[in-house]
1. Condition test on residue 120, is it polar (S, T, N, Q), at pLDDT 95 or above and under 13 Å from residue 26 (Cβ atoms)?
2. Just the residues that are over 17 Å from residue 16 (Cβ atoms), open to solvent by 80 Å² or more (accessible area, probe 1.4 Å) and free of Cβ contacts under 8 Å to residues at least 40 places away in the same chain, please, taken from the stretch 65-86.
3. Looking only at the stretch 105-113, decide whether some residue is among the polar types (S, T, N, Q) and open to solvent by less than 40 Å² (accessible area, probe 1.4 Å).
4. Does residue 148 satisfy being free of Cβ contacts under 8 Å to residues at least 24 places away in the same chain and either small (Gly, Ala, Ser) or open to solvent by 20 Å² or more (accessible area, probe 1.4 Å) (or both)?
5. Return a yes/no flag: does the stretch 15-31 have any residue that is more than 22 Å from residue 120 (Cβ to Cβ) and modelled with pLDDT of 95 or more.
6. Kindly check whether there is at least one residue in the stretch 6-18 that is more than 23 Å from the chain's Cα centre (by Cα), in a helix (DSSP H, G or I) and in contact (Cβ under 8 Å) with a residue 24 or more places away in the chain.
7. So if I check each of 22, 62, which one is open to solvent by 40 Å² or more (accessible area, probe 1.4 Å), touching a His at 6+ places or on another chain (Cβ under 6 Å) and not β-branched (Val, Ile, Thr)?
8. Determine, yes or no, whether residue 101 is farther than 17 Å from residue 32 by Cβ, among the β-branched types (Val, Ile, Thr), in contact with a Lys or Arg (Cβ under 7 Å, 6 or more places away or on another chain) and away from ligand 1 (no atom under 13 Å from the Cβ).
Amino acid sequence: MGTKGRSIVGMDVDELIGILNRAFADEWLAHYQYWLGAKLAKGPMKDGVITELLQHAADEMRHADMVSNRIIQLGGTPVLTPKAWYDHTNCGYDAPEDPFVRVLLEQNIKGEQCAINVYNELMKKTREADPVTCELALQILNDEVEHEEDLQSLLEDLELMLNHK
Ligand SMILES: [Fe+2]
Ligand SMILES: [Fe+2]
């Protein structure tokens, strides 16, 4: 923990660590949802979808790393067990039970929209109180906005293909 770094935070630090831990749980669940979806995906445009899902899986793990570093800087402990991810998550986990590419894309778009909300709220909460966390939330928000668009444009192409027989 950085003591001076923690002392400049103008809000309840334990509350902030709690919010960051919820985002941390979200990132791991999103990582696994993408990673497993990429293994199982079936259907038209499968190769393009798999490439995108794998890229997003890597990004979500990088986000988990970024968020955990901030939690530790603030003197907190990242959620210690995968089991506890479920107790903390905002966005949940959609198991890729149906491997059809359209279903996977729709599930992950829902996840991205939830993540956009989480980081947008975190930015609002920290803009004045903690610019360091706010900057982190902005970096991740940029990625999540890009992720949503990547998936929606793939879904759009897929729908066009499916509807023009
Ligand atoms: Fe993420
Ligand atoms: Fe994402």
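The values are calculated or read from the model by the stated rules, or taken from the named source; none is laboratory data. Computed from a predicted model, the values in this text were never measured in an experiment. Counting neighbours? That spans all protein chains shown, and the Cβs are built from the backbone with ideal geometry, glycine included. To get the accessible areas, we keep the full protein, side chains included, count just its heavy atoms, and leave off ligands, DNA and RNA. Shrake-Rupley method; radii C 1.70, N 1.55, O 1.52, S 1.80 Å.
1. On the way: polar (S, T, N, Q): yes; at pLDDT 95 or above: yes; under 13 Å from residue 26 (Cβ atoms): no.
Here the answer is no, as residue 120 does not meet what is asked.
2. 65, 80, 83
3. Checking the stretch 105-113: at least one residue is among the polar types (S, T, N, Q) and open to solvent by less than 40 Å² (accessible area, probe 1.4 Å).
4. no
5. Step one: filter the stretch 15-31 for residues more than 22 Å from residue 120 (Cβ to Cβ), giving none.
There is no residue in the stretch 15-31 that is more than 22 Å from residue 120 (Cβ to Cβ) and modelled with pLDDT of 95 or more.
6. First pass over the stretch 6-18, keeping only residues more than 23 Å from the chain's Cα centre (by Cα): 6-12.
So of that shortlist, the ones also in a helix (DSSP H, G or I) come out as 6-7.
This time we only want the ones that are in contact (Cβ under 8 Å) with a residue 24 or more places away in the chain, so: 6.
Within the stretch 6-18, one or more residues are more than 23 Å from the chain's Cα centre (by Cα), in a helix (DSSP H, G or I) and in contact (Cβ under 8 Å) with a residue 24 or more places away in the chain.
7. 22
8. yes
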